[in-house]
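Notes for the one structure printed next.
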Amino acid sequence: MSTSELIQKEVAALSESQQRKVYEFAHALHLQHQDAAFNGLLLSESALAKDWNTPEEDAAWANL
């Protein structure tokens, strides 16, 4: 049985209010994952800026 099937089986046995709590927890995990991915993008931007923000790069992109 897959993890998804196990979760569905357990959740089906819960009351509506308990199912709502499971949903809210799963949704919070999803948002947390999205935030982590987004933060990684911001962190890489500052690291790459050392290479991007140079006169050589400006000259290379000047004609575009």
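Readers should treat all values here as calculations from the given coordinates under stated rules, not as data from a laboratory. Fair warning: this is a prediction, and the values are worked out from it, not measured in the lab. Here the Cβ is made from the backbone with ideal geometry for all residues, glycine too, and neighbour counts use every protein chain on show.
A few points about this structure:
- Cβ crowding within 10 Å averaged over residues, with 57-63, 22-28 ranked highest first: 22-28, 57-63
- Per-residue ellipticity at 222 nm computed for the chain from its helices equals -28500 deg cm²/dmol, with DSSP H segments shorter than 4 residues left out and the rest contributing -39,500 (n - 2.57).
- Stokes-Einstein, applied to the Kirkwood radius of the chain over Cα pairs at a viscosity of 1.002 mPa s and 20 °C, places its translational diffusion at 135 µm² s⁻¹.
- Taking label positions 7 Å along the Cα-Cβ direction at both residue 34 and residue 53, the computed distance is 2.9 nm, reported to one decimal.
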